[in-house]
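Let me begin by presenting the structure, written as C-alpha coordinates, before commenting on it.
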Amino acid sequence: MSLTKNDFRAQFRCTHETCGKTYSLGQVIYSCERDGELLSVEHDLDQLKKISAKEWKDLFDSRYRSRAFPFTSGVWGKKEWVLPEIKVENIVTSGEGTSHLYDANRWAKDLDLGGLFIKQCGISHTGSFKDLGMTVLVSQVKQMIADGVPIDAVACASTGDTSAALASYAAKAGIPSIIFLPANKVSTAQLIQPVSNGALVLALDTDFDGCMAIVKQVTREKSIYLANSMNSLRIEGQKTIAIEITQQLNWNVPDWIVIPGGNLGNVSALGMGFEMMKELGLIDRLPRILLAQAKNASPLYDSFQSGFANFKSVTAQKTLASAIQIGDPVSVKKAIRILKKFDGIVEVATEEELSDAAARGDLYGLYNDPHTGVALAAMLKAKERGDIKKGDQVVVISTANGLKFTEFKVNYHERKIPGTDEKLSNSIISCPAELGSVMEILGKKLNHYK
Ligand SMILES: *Cc1c(COP(=O)(O)O)cnc(C)c1O
Ligand SMILES: [Zn+2]
(Lines give C-alpha, C1' and ligand atoms only; values in the text may rest on other atoms or scores of the structure.)
(Ligands and ions follow the chains in the order given, each with its own letter.)
Protein backbone atom coordinates (compact mmCIF):
# COMPACT_ATOMS: atom_id res chain seq x y z
CA MET A 1 0.00 0.00 0.00
CA SER A 2 1.29 3.42 -0.84
CA LEU A 3 1.30 6.29 1.59
CA THR A 4 0.42 8.86 -1.02
CA LYS A 5 -2.87 7.13 -1.74
CA ASN A 6 -4.80 8.36 1.29
CA ASP A 7 -6.66 5.38 2.66
CA PHE A 8 -6.44 6.51 6.27
CA ARG A 9 -9.62 7.55 8.03
CA ALA A 10 -10.58 9.06 11.39
CA GLN A 11 -13.85 9.92 13.12
CA PHE A 12 -15.17 10.92 16.54
CA ARG A 13 -16.37 8.11 18.81
CA CYS A 14 -18.19 8.45 22.13
CA THR A 15 -15.94 7.37 25.03
CA HIS A 16 -18.80 5.74 26.96
CA GLU A 17 -17.99 1.98 26.99
CA THR A 18 -21.43 0.80 25.95
CA CYS A 19 -22.38 3.67 23.62
CA GLY A 20 -19.70 4.12 20.96
CA LYS A 21 -21.78 6.39 18.74
CA THR A 22 -19.64 7.89 15.98
CA TYR A 23 -19.63 11.31 14.34
CA SER A 24 -17.77 12.90 11.44
CA LEU A 25 -14.76 15.12 12.26
CA GLY A 26 -16.42 17.74 10.06
CA GLN A 27 -19.38 18.03 12.43
CA VAL A 28 -19.55 20.77 15.11
CA ILE A 29 -19.81 18.49 18.15
CA TYR A 30 -17.84 18.09 21.40
CA SER A 31 -19.73 15.49 23.41
CA CYS A 32 -22.09 12.64 22.61
CA GLU A 33 -25.67 13.58 21.70
CA ARG A 34 -26.93 10.42 23.41
CA ASP A 35 -25.23 10.54 26.80
CA GLY A 36 -23.15 13.73 26.99
CA GLU A 37 -19.84 11.85 27.35
CA LEU A 38 -16.67 13.19 25.72
CA LEU A 39 -15.68 12.01 22.28
CA SER A 40 -12.30 10.83 21.15
CA VAL A 41 -10.81 10.65 17.69
CA GLU A 42 -10.74 7.08 16.47
CA HIS A 43 -8.38 6.05 13.69
CA ASP A 44 -8.86 3.19 11.25
CA LEU A 45 -6.14 1.03 12.77
CA ASP A 46 -6.61 -1.78 10.25
CA GLN A 47 -5.57 0.59 7.48
CA LEU A 48 -2.67 1.97 9.53
CA LYS A 49 -1.50 -1.59 10.24
CA LYS A 50 -0.95 -2.15 6.51
CA ILE A 51 2.23 -0.11 6.98
CA SER A 52 4.77 -1.98 9.12
CA ALA A 53 6.11 -0.58 12.39
CA LYS A 54 9.54 -0.23 10.79
CA GLU A 55 8.11 1.73 7.86
CA TRP A 56 6.29 4.09 10.22
CA LYS A 57 9.46 4.69 12.21
CA ASP A 58 11.50 5.31 9.06
CA LEU A 59 8.83 7.64 7.69
CA PHE A 60 8.59 9.65 10.93
CA ASP A 61 12.39 9.82 11.16
CA SER A 62 12.67 11.00 7.55
CA ARG A 63 10.25 13.86 8.26
CA TYR A 64 11.79 14.94 11.57
CA ARG A 65 12.69 18.66 11.35
CA SER A 66 12.11 18.49 7.63
CA ARG A 67 12.15 21.53 5.36
CA ALA A 68 9.12 20.27 3.42
CA PHE A 69 5.70 21.70 4.38
CA PRO A 70 3.83 20.55 6.46
CA PHE A 71 6.51 18.31 7.98
CA THR A 72 8.25 21.43 9.26
CA SER A 73 5.93 20.71 12.20
CA GLY A 74 6.49 17.76 14.52
CA VAL A 75 2.73 17.27 14.73
CA TRP A 76 2.17 17.15 10.97
CA GLY A 77 5.14 14.83 10.51
CA LYS A 78 2.71 12.30 12.01
CA LYS A 79 -0.21 13.51 9.86
CA GLU A 80 -1.63 10.01 9.10
CA TRP A 81 -1.97 9.36 12.85
CA VAL A 82 -3.39 12.80 13.62
CA LEU A 83 -5.79 14.07 10.95
CA PRO A 84 -5.30 11.82 7.92
CA GLU A 85 -7.98 13.39 5.77
CA ILE A 86 -7.19 17.09 6.08
CA LYS A 87 -6.18 18.88 2.89
CA VAL A 88 -2.62 20.11 3.19
CA GLU A 89 -3.58 23.64 2.10
CA ASN A 90 -5.77 23.98 5.20
CA ILE A 91 -3.01 23.13 7.67
CA VAL A 92 -2.23 26.05 10.00
CA THR A 93 1.18 25.47 11.56
CA SER A 94 3.77 27.55 13.38
CA GLY A 95 6.42 24.84 13.41
CA GLU A 96 5.24 23.30 16.69
CA GLY A 97 6.70 20.06 18.03
CA THR A 98 10.16 18.53 17.57
CA SER A 99 11.03 20.22 20.87
CA HIS A 100 14.28 19.31 22.54
CA LEU A 101 14.56 16.32 24.88
CA TYR A 102 16.88 17.91 27.43
CA ASP A 103 19.35 15.46 28.89
CA ALA A 104 19.73 16.44 32.57
CA ASN A 105 22.56 13.94 32.90
CA ARG A 106 24.33 15.63 35.80
CA TRP A 107 21.07 15.68 37.78
CA ALA A 108 20.36 12.05 36.84
CA LYS A 109 23.74 11.11 38.29
CA ASP A 110 23.07 13.02 41.52
CA LEU A 111 19.71 11.24 41.85
CA ASP A 112 21.04 7.77 40.89
CA LEU A 113 18.68 7.57 37.94
CA GLY A 114 19.40 5.70 34.72
CA GLY A 115 18.49 8.85 32.82
CA LEU A 116 16.55 12.07 33.40
CA PHE A 117 15.19 13.88 30.37
CA ILE A 118 13.03 16.99 30.27
CA LYS A 119 10.75 17.18 27.21
CA GLN A 120 10.76 20.88 26.47
CA CYS A 121 7.21 21.28 25.16
CA GLY A 122 7.19 24.94 26.22
CA ILE A 123 9.87 25.80 23.66
CA SER A 124 7.21 26.49 21.09
CA HIS A 125 5.63 29.33 19.16
CA THR A 126 3.42 30.66 22.00
CA GLY A 127 5.52 29.16 24.79
CA SER A 128 3.49 26.13 25.87
CA PHE A 129 2.51 22.64 24.71
CA LYS A 130 -0.96 24.00 23.89
CA ASP A 131 0.39 24.79 20.40
CA LEU A 132 0.52 21.06 19.64
CA GLY A 133 -3.23 20.66 20.03
CA MET A 134 -4.19 24.04 18.67
CA THR A 135 -2.54 23.53 15.28
CA VAL A 136 -4.82 20.52 14.78
CA LEU A 137 -7.99 22.19 15.99
CA VAL A 138 -7.53 25.40 14.01
CA SER A 139 -6.53 23.45 10.88
CA GLN A 140 -9.71 21.37 11.14
CA VAL A 141 -11.75 24.56 11.59
CA LYS A 142 -10.13 26.01 8.47
CA GLN A 143 -11.01 22.80 6.61
CA MET A 144 -14.62 22.99 7.84
CA ILE A 145 -14.96 26.63 6.80
CA ALA A 146 -13.56 25.70 3.36
CA ASP A 147 -16.17 22.93 3.22
CA GLY A 148 -18.93 25.48 3.86
CA VAL A 149 -19.63 24.86 7.58
CA PRO A 150 -20.83 28.23 8.99
CA ILE A 151 -18.25 29.00 11.72
CA ASP A 152 -17.81 32.69 12.64
CA ALA A 153 -15.29 32.42 15.47
CA VAL A 154 -13.39 30.06 17.77
CA ALA A 155 -13.61 30.43 21.56
CA CYS A 156 -12.02 29.05 24.71
CA ALA A 157 -11.83 29.40 28.46
CA SER A 158 -8.25 29.54 29.59
CA THR A 159 -5.83 29.73 32.47
CA GLY A 160 -3.52 31.54 30.05
CA ASP A 161 -1.72 29.20 27.68
CA THR A 162 -4.73 27.88 25.76
CA SER A 163 -5.81 31.43 24.95
CA ALA A 164 -2.32 32.41 23.80
CA ALA A 165 -2.23 29.42 21.45
CA LEU A 166 -5.78 29.85 20.15
CA ALA A 167 -5.40 33.58 19.52
CA SER A 168 -2.15 33.09 17.60
CA TYR A 169 -3.26 30.16 15.41
CA ALA A 170 -6.63 31.79 14.73
CA ALA A 171 -4.90 35.05 13.75
CA LYS A 172 -2.59 33.10 11.44
CA ALA A 173 -5.62 31.54 9.77
CA GLY A 174 -7.64 34.78 9.72
CA ILE A 175 -10.40 33.41 11.96
CA PRO A 176 -11.78 35.63 14.81
CA SER A 177 -11.14 34.32 18.35
CA ILE A 178 -12.91 34.89 21.67
CA ILE A 179 -11.09 34.31 24.97
CA PHE A 180 -12.58 33.94 28.47
CA LEU A 181 -10.02 34.42 31.24
CA PRO A 182 -10.44 34.43 35.02
CA ALA A 183 -9.76 38.04 36.06
CA ASN A 184 -6.41 38.56 37.87
CA LYS A 185 -5.42 34.89 37.74
CA VAL A 186 -3.01 34.70 34.81
CA SER A 187 0.49 36.12 34.37
CA THR A 188 0.97 39.42 32.53
CA ALA A 189 2.91 37.66 29.79
CA GLN A 190 0.09 35.17 29.25
CA LEU A 191 -2.57 37.87 29.29
CA ILE A 192 -0.86 40.11 26.77
CA GLN A 193 -0.42 37.33 24.18
CA PRO A 194 -4.08 37.04 23.06
CA VAL A 195 -4.44 40.82 23.38
CA SER A 196 -1.55 41.26 20.93
CA ASN A 197 -2.99 38.71 18.52
CA GLY A 198 -6.20 40.72 18.28
CA ALA A 199 -8.51 38.32 20.11
CA LEU A 200 -11.70 39.47 21.80
CA VAL A 201 -10.53 39.05 25.43
CA LEU A 202 -13.09 38.94 28.23
CA ALA A 203 -11.87 38.86 31.85
CA LEU A 204 -14.55 37.24 33.99
CA ASP A 205 -14.84 37.70 37.73
CA THR A 206 -14.59 33.94 38.43
CA ASP A 207 -12.08 31.09 38.28
CA PHE A 208 -11.18 28.81 35.34
CA ASP A 209 -14.03 26.43 36.09
CA GLY A 210 -16.44 29.39 35.98
CA CYS A 211 -15.06 30.49 32.59
CA MET A 212 -15.39 26.92 31.30
CA ALA A 213 -19.08 26.85 32.27
CA ILE A 214 -19.68 30.09 30.34
CA VAL A 215 -17.83 29.04 27.19
CA LYS A 216 -19.74 25.76 27.08
CA GLN A 217 -22.98 27.75 26.98
CA VAL A 218 -21.70 30.29 24.44
CA THR A 219 -20.58 27.52 22.06
CA ARG A 220 -23.99 25.84 22.07
CA GLU A 221 -24.46 28.39 19.31
CA LYS A 222 -22.81 26.28 16.61
CA SER A 223 -21.29 29.20 14.72
CA ILE A 224 -18.85 29.69 17.65
CA TYR A 225 -16.50 26.73 17.76
CA LEU A 226 -15.19 25.44 21.13
CA ALA A 227 -11.40 25.15 21.37
CA ASN A 228 -10.96 23.72 24.87
CA SER A 229 -9.46 20.27 25.32
CA MET A 230 -12.88 18.70 25.83
CA ASN A 231 -12.77 19.04 22.06
CA SER A 232 -10.77 15.92 21.31
CA LEU A 233 -9.12 17.38 18.19
CA ARG A 234 -6.69 19.03 20.63
CA ILE A 235 -5.78 15.65 22.08
CA GLU A 236 -4.76 14.39 18.62
CA GLY A 237 -1.97 16.95 18.37
CA GLN A 238 -0.85 16.59 21.97
CA LYS A 239 -0.66 12.83 21.47
CA THR A 240 2.44 13.37 19.35
CA ILE A 241 4.40 14.25 22.53
CA ALA A 242 4.44 10.53 23.36
CA ILE A 243 5.58 9.61 19.87
CA GLU A 244 8.32 12.25 19.80
CA ILE A 245 9.73 11.25 23.18
CA THR A 246 9.97 7.63 22.05
CA GLN A 247 11.50 8.66 18.74
CA GLN A 248 14.06 10.86 20.52
CA LEU A 249 15.01 7.87 22.70
CA ASN A 250 15.67 5.84 19.52
CA TRP A 251 12.23 4.25 19.75
CA ASN A 252 12.80 3.06 23.31
CA VAL A 253 10.19 3.49 26.04
CA PRO A 254 11.31 5.14 29.30
CA ASP A 255 10.36 3.63 32.67
CA TRP A 256 8.47 6.72 33.79
CA ILE A 257 6.82 9.77 32.30
CA VAL A 258 6.06 12.57 34.76
CA ILE A 259 3.45 15.12 33.68
CA PRO A 260 1.64 17.99 35.43
CA GLY A 261 -2.14 17.90 35.13
CA GLY A 262 -5.02 20.34 35.50
CA ASN A 263 -7.90 19.75 33.11
CA LEU A 264 -6.26 16.35 32.44
CA GLY A 265 -6.37 16.52 28.64
CA ASN A 266 -2.62 16.26 28.25
CA VAL A 267 -2.18 13.11 30.32
CA SER A 268 -5.02 11.52 28.33
CA ALA A 269 -3.27 12.52 25.12
CA LEU A 270 0.07 11.17 26.32
CA GLY A 271 -1.48 7.81 27.13
CA MET A 272 -3.30 7.62 23.82
CA GLY A 273 -0.06 8.27 21.95
CA PHE A 274 1.60 5.33 23.67
CA GLU A 275 -1.46 3.11 23.16
CA MET A 276 -1.43 3.83 19.45
CA MET A 277 2.29 3.09 19.13
CA LYS A 278 1.81 -0.21 20.98
CA GLU A 279 -1.21 -1.18 18.90
CA LEU A 280 0.73 -0.52 15.70
CA GLY A 281 3.78 -2.41 16.94
CA LEU A 282 6.23 0.50 17.25
CA ILE A 283 6.77 -0.30 20.94
CA ASP A 284 6.21 -3.44 23.00
CA ARG A 285 5.60 -2.01 26.46
CA LEU A 286 4.08 1.04 28.14
CA PRO A 287 5.83 3.45 30.53
CA ARG A 288 4.43 4.13 33.99
CA ILE A 289 2.86 7.57 34.37
CA LEU A 290 3.26 9.89 37.34
CA LEU A 291 0.58 12.59 37.21
CA ALA A 292 1.56 15.65 39.24
CA GLN A 293 -0.92 18.14 40.70
CA ALA A 294 -0.49 21.30 42.73
CA LYS A 295 -1.63 20.46 46.27
CA ASN A 296 -3.95 23.47 46.11
CA ALA A 297 -5.81 21.98 43.14
CA SER A 298 -5.62 18.22 43.52
CA PRO A 299 -8.98 16.50 43.10
CA LEU A 300 -7.40 13.61 41.19
CA TYR A 301 -4.87 13.03 43.96
CA ASP A 302 -7.76 12.74 46.44
CA SER A 303 -9.49 10.20 44.22
CA PHE A 304 -6.24 8.26 43.69
CA GLN A 305 -6.13 7.62 47.47
CA SER A 306 -9.20 5.41 47.05
CA GLY A 307 -7.96 3.71 43.85
CA PHE A 308 -9.87 6.29 41.75
CA ALA A 309 -13.12 4.91 43.21
CA ASN A 310 -14.91 8.17 43.86
CA PHE A 311 -13.87 11.34 42.10
CA LYS A 312 -15.15 14.60 43.54
CA SER A 313 -14.48 18.00 42.03
CA VAL A 314 -13.22 20.70 44.38
CA THR A 315 -12.88 24.47 44.40
CA ALA A 316 -9.26 24.97 43.40
CA GLN A 317 -7.21 27.18 45.71
CA LYS A 318 -4.69 29.71 44.46
CA THR A 319 -1.42 28.23 43.22
CA LEU A 320 1.69 29.61 41.54
CA ALA A 321 1.07 26.87 38.96
CA SER A 322 -1.83 28.96 37.67
CA ALA A 323 -2.40 26.91 34.51
CA ILE A 324 -3.41 23.91 36.61
CA GLN A 325 -5.56 25.76 39.13
CA ILE A 326 -8.53 23.62 38.12
CA GLY A 327 -10.92 21.84 40.47
CA ASP A 328 -13.35 20.29 38.01
CA PRO A 329 -11.23 18.69 35.26
CA VAL A 330 -13.13 18.08 32.04
CA SER A 331 -11.07 15.04 30.95
CA VAL A 332 -11.04 13.23 34.29
CA LYS A 333 -12.64 10.01 33.02
CA LYS A 334 -10.20 9.73 30.14
CA ALA A 335 -7.30 10.40 32.50
CA ILE A 336 -8.37 7.77 35.03
CA ARG A 337 -8.68 5.16 32.30
CA ILE A 338 -5.14 5.98 31.15
CA LEU A 339 -3.65 6.04 34.66
CA LYS A 340 -5.16 2.64 35.47
CA LYS A 341 -3.82 1.15 32.25
CA PHE A 342 -0.33 2.66 32.71
CA ASP A 343 0.02 1.57 36.36
CA GLY A 344 -0.04 5.28 37.09
CA ILE A 345 0.29 7.16 40.34
CA VAL A 346 -0.67 10.69 41.39
CA GLU A 347 1.49 12.95 43.53
CA VAL A 348 1.08 16.52 44.77
CA ALA A 349 3.46 19.42 45.26
CA THR A 350 3.01 22.26 47.75
CA GLU A 351 3.84 25.83 46.75
CA GLU A 352 7.24 25.53 48.45
CA GLU A 353 7.96 22.15 46.89
CA LEU A 354 7.12 23.26 43.35
CA SER A 355 9.15 26.45 43.73
CA ASP A 356 12.21 24.69 45.15
CA ALA A 357 12.06 21.89 42.57
CA ALA A 358 11.91 24.43 39.73
CA ALA A 359 14.89 26.29 41.21
CA ARG A 360 16.83 23.07 41.78
CA GLY A 361 16.33 22.12 38.15
CA ASP A 362 17.48 25.58 37.05
CA LEU A 363 20.81 24.87 38.74
CA TYR A 364 21.24 22.06 36.20
CA GLY A 365 20.73 24.50 33.35
CA LEU A 366 16.95 24.42 32.95
CA TYR A 367 14.65 27.46 33.26
CA ASN A 368 11.52 26.00 34.76
CA ASP A 369 8.03 27.44 34.88
CA PRO A 370 5.97 26.59 37.99
CA HIS A 371 4.05 23.75 36.28
CA THR A 372 7.24 21.97 35.35
CA GLY A 373 8.18 22.68 38.98
CA VAL A 374 5.13 20.67 40.07
CA ALA A 375 6.25 17.75 37.90
CA LEU A 376 9.84 17.93 39.12
CA ALA A 377 8.74 18.07 42.76
CA ALA A 378 6.52 15.03 42.24
CA MET A 379 9.41 13.21 40.56
CA LEU A 380 11.69 13.96 43.53
CA LYS A 381 9.04 12.78 46.02
CA ALA A 382 8.35 9.56 44.11
CA LYS A 383 12.10 8.89 43.94
CA GLU A 384 12.46 9.55 47.67
CA ARG A 385 9.58 7.19 48.44
CA GLY A 386 10.95 4.47 46.17
CA ASP A 387 8.22 4.42 43.52
CA ILE A 388 10.80 5.66 41.05
CA LYS A 389 13.77 3.38 41.55
CA LYS A 390 17.51 3.73 41.30
CA GLY A 391 18.52 3.21 37.67
CA ASP A 392 15.09 4.08 36.23
CA GLN A 393 14.92 6.18 33.10
CA VAL A 394 12.59 9.14 33.65
CA VAL A 395 11.14 11.70 31.25
CA VAL A 396 9.53 14.83 32.73
CA ILE A 397 7.16 16.81 30.53
CA SER A 398 7.88 20.54 30.76
CA THR A 399 4.65 22.23 29.73
CA ALA A 400 5.54 25.91 29.45
CA ASN A 401 8.46 28.22 28.86
CA GLY A 402 9.95 29.74 32.03
CA LEU A 403 10.13 33.09 30.22
CA LYS A 404 6.36 33.40 30.61
CA PHE A 405 6.73 33.40 34.40
CA THR A 406 9.25 36.12 35.16
CA GLU A 407 7.38 37.27 38.30
CA PHE A 408 7.64 33.74 39.70
CA LYS A 409 11.38 33.56 39.05
CA VAL A 410 12.07 37.04 40.44
CA ASN A 411 9.99 36.43 43.55
CA TYR A 412 11.78 33.17 44.22
CA HIS A 413 15.24 34.67 44.10
CA GLU A 414 14.14 37.75 46.05
CA ARG A 415 13.00 35.24 48.73
CA LYS A 416 9.39 36.41 48.48
CA ILE A 417 7.92 32.90 48.36
CA PRO A 418 7.57 31.86 51.99
CA GLY A 419 9.04 28.58 53.17
CA THR A 420 11.39 27.99 50.23
CA ASP A 421 14.97 26.75 50.54
CA GLU A 422 17.39 29.63 51.00
CA LYS A 423 20.27 27.57 49.62
CA LEU A 424 18.65 27.42 46.17
CA SER A 425 18.07 31.14 45.76
CA ASN A 426 20.62 33.43 44.22
CA SER A 427 21.03 37.17 44.44
CA ILE A 428 22.73 39.91 42.50
CA ILE A 429 25.71 41.49 44.29
CA SER A 430 26.17 45.24 43.88
CA CYS A 431 29.79 46.18 43.60
CA PRO A 432 31.82 49.33 42.82
CA ALA A 433 33.31 49.34 39.30
CA GLU A 434 36.79 48.82 40.61
CA LEU A 435 39.12 45.81 40.47
CA GLY A 436 39.98 45.66 44.18
CA SER A 437 36.35 45.40 45.23
CA VAL A 438 35.63 42.85 42.51
CA MET A 439 38.57 40.67 43.58
CA GLU A 440 37.53 40.88 47.21
CA ILE A 441 34.08 39.59 46.39
CA LEU A 442 35.40 36.85 44.10
CA GLY A 443 37.81 35.77 46.84
CA LYS A 444 35.00 35.48 49.37
CA LYS A 445 32.44 33.88 47.09
CA LEU A 446 34.63 31.39 45.28
CA ASN A 447 36.12 30.15 48.56
CA HIS A 448 32.62 29.82 49.85
CA TYR A 449 31.80 27.33 47.11
CA LYS A 450 34.90 25.16 47.66
C1 LIG B 1 -2.66 23.55 30.17
C2 LIG B 1 -1.44 23.41 30.98
C3 LIG B 1 -1.22 22.33 31.85
C4 LIG B 1 -2.26 21.29 32.13
O5 LIG B 1 -2.66 20.53 31.05
P6 LIG B 1 -4.10 19.79 31.14
O7 LIG B 1 -4.28 19.17 29.83
O8 LIG B 1 -5.10 20.85 31.45
O9 LIG B 1 -3.98 18.81 32.28
C10 LIG B 1 -0.02 22.23 32.50
N11 LIG B 1 0.93 23.18 32.35
C12 LIG B 1 0.76 24.23 31.56
C13 LIG B 1 1.85 25.24 31.46
C14 LIG B 1 -0.42 24.40 30.84
O15 LIG B 1 -0.59 25.47 30.06
ZN1 LIG C 1 -22.44 8.21 23.75
Given Cβ point charges of +1 (Lys, Arg) and -1 (Asp, Glu) and nothing else, what value in debye, to the nearest 20, does the dipole of the stretch 126-198 about its Cα centre take?
120 debye
What ranking of PHE71, PHE12 comes out by heavy-atom accessible area, probe 1.4 Å, highest first?
PHE71, PHE12
Long-range tail of P(r) for the stretch 180-232 (Cα pairs > 14 Å, %):
59 percent
In Å, descending, principal axis extents of the Cα set of the chain
73, 49, 49
Which angle from 0 to 90°, rounded to the nearest 10, does the C-alpha axis of helix 435-448 make with the longest principal axis of the chain?
80 degrees
For the chain, what does the helix formula give at 222 nm: sum of -39500 (n - 2.57) over DSSP H segments with n ≥ 4, over the residue count, nearest 500 deg cm²/dmol?
-11500 deg cm²/dmol
Using the alpha-carbon atoms, what tilt in degrees (0 to 90, nearest 10) does helix 370-385 show relative to the longest principal axis of the chain?
80 degrees
Just need the relative contact order of the chain here, percent rounded to a whole number, with Cα pairs under 8 Å and 6+ apart.
15 percent
Determine the shape class of the stretch 109-189: with a ≥ b ≥ c the square roots of the Cα gyration tensor eigenvalues, call it rounded for a/c under 1.5, and otherwise prolate if a/b is greater than b/c, oblate otherwise.
oblate
Which residue, THR135, ILE241, LEU435, has the largest displacement toward the positive end of the dipole of the chain when charges sit on each Cβ (Lys, Arg +1; Asp, Glu -1)?
ILE241
Can you find, among PHE71, PRO182, ALA213, the residue farthest towards the positive end of the dipole of the chain? Put +1 on the C-beta of Lys and Arg, -1 on that of Asp and Glu.
PHE71
Using only the alpha-carbon atoms, how far is helix 208-218 inclined from the longest principal axis of the chain? Give it as 0 to 90 degrees, nearest 10.
20 degrees
Distance from the Cα centre of the stretch 241-287 to that of the stretch 146-210, in angstrom?
28 Å
Accessible surface of ARG337 in the full protein assembly, 1.4 angstrom probe, to the nearest 10 Å²?
110 Å²
Accessible area, probe 1.4 Å, largest first, for residues LEU38, LEU166
LEU38, LEU166
Which order do the peptides 303-310, 325-332 come out in when sorted by mean C-beta neighbours inside 10 angstrom, highest first?
325-332, 303-310
Provide the solvent-accessible area of HIS125, counting protein heavy atoms only and rolling a 1.4 Å probe, rounded to the nearest 10 Å².
110 Å²
Extension gain ASP152-LYS109, at 0.36 nm per residue separation less the Cα-Cα distance, in nm?
10.1 nm
Taking the full set of protein chains and a 1.4 angstrom probe, give the accessible area of GLU353 in square angstrom, rounded to the nearest 10.
70 Å²
Three-way shape label, the stretch 26-184, alpha-carbon gyration tensor, a/c 1.5:
oblate
Applying the Karplus parametrisation 6.51 cos²θ - 1.76 cosθ + 1.60 with θ = phi - 60° to the phi angles of the stretch 181-190, what ³J(HN,Hα) value in whole Hz is obtained for each residue in order, glycine and proline being reported as x?
10, x, 4, 6, 10, 10, 6, 4, 4, 5
Test item: Cα-centred dipole of the stretch 284-401, Lys/Arg +1 and Asp/Glu -1 on Cβ, debye:
540 debye
First select every other residue whose beta carbon is under 9 angstrom from the beta carbon of LYS383; then total the charges, Lys and Arg +1, Asp and Glu -1.
0
Could you work out how far the C-alpha centroid of the stretch 10-85 sits from that of the stretch 291-335, in angstrom?
28 Å
Between the stretch 95-130 and the stretch 401-450, what is the separation of their alpha carbon centroids in Å?
25 Å
Global form of the stretch 360-450, assessed from the alpha-carbon gyration tensor, a/c cut-off 1.5
prolate
Sorting LYS409, LYS49, LYS142 by accessible area (1.4 Å probe), largest first, what list results?
LYS49, LYS142, LYS409
Could you go through the stretch 228-240 in sequence order and give the Karplus-derived ³J(HN,Hα) for each residue, using 6.51 cos²θ - 1.76 cosθ + 1.60 with θ = phi - 60°, rounded to whole Hz, and x for Gly and Pro?
6, 6, 5, 7, 6, 4, 4, 4, 4, x, 5, 4, 5
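The values are calculated or read from the model by the stated rules, or taken from the named source; none is laboratory data. Not measured: the values here are computed from a predicted model. Cβ sites come from the backbone with ideal geometry, for glycine too, and all protein chains shown count toward neighbours. All accessible areas refer to the heavy atoms of the entire protein, side chains included, with ligands and DNA or RNA removed. Shrake-Rupley method; radii C 1.70, N 1.55, O 1.52, S 1.80 Å.
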